[in-house]
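I have placed the structure first, in the form of structure tokens, so that the comments after it can refer back to it.
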């Protein structure tokens, strides 16, 4: 149940419309890039890649509105269903369907078009992952 709640919270934040009251003005920056991790608890490659991505995120210094990191958890039927809903909320259902069942990699996607910018794997060094993240964001923002 706790996993379900943690999976639903990001979905609600993405899916909720921006509401403005009176003179208050709020803005929500849309990310330029999605970093989509195809993950499962039983996946050794996932467990090797996840800490590398975390370190690369720090190294790239881009944990802000430029990129949204999302984990699509494919561990079991419940998490697969949640992952499918998250993919739909992000507008990447086709990509999810074409990669469903595959784990142990992260795709960097143009958030507006869904275009694949890069694929990150556990075989890459942290510095290479950070460079790909920076390059992907730069290519979309320029």
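Data overview
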item: Point-to-point label distance, residue 121-residue 55, nm (Cα→Cβ direction, 7 Å offset); result: 1.9 nm
item: Which of 77, 59, 115 has the fewest Cβ neighbours within 10 Å, and the rest in rising order; result: 77, 115, 59
item: Compactness index (Cα Rg / 2.2 N^0.38 Å), the stretch 28-141; result: 0.99
item: Ranking of 86, 122, 106 by count of other Cβ atoms within 10 Å, fewest first; result: 122, 86, 106
item: Two-site FRET efficiency, residue 29 against residue 84, from Cβ-Cβ distance with R₀ of 22 Å, rounded to 0.05; result: 0.30
item: Computed lengthening from residue 128 to residue 45, 0.36 nm per intervening residue step minus Cα-Cα distance; result: 28.2 nm
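Computed from the coordinates by the stated procedures, all read-outs in this text should not be read as laboratory data. This is a predicted model, so every value here is computed, not measured. Don't worry about glycine lacking a Cβ; one is built from the backbone with ideal geometry, like all the others, and counts go over all protein chains shown.
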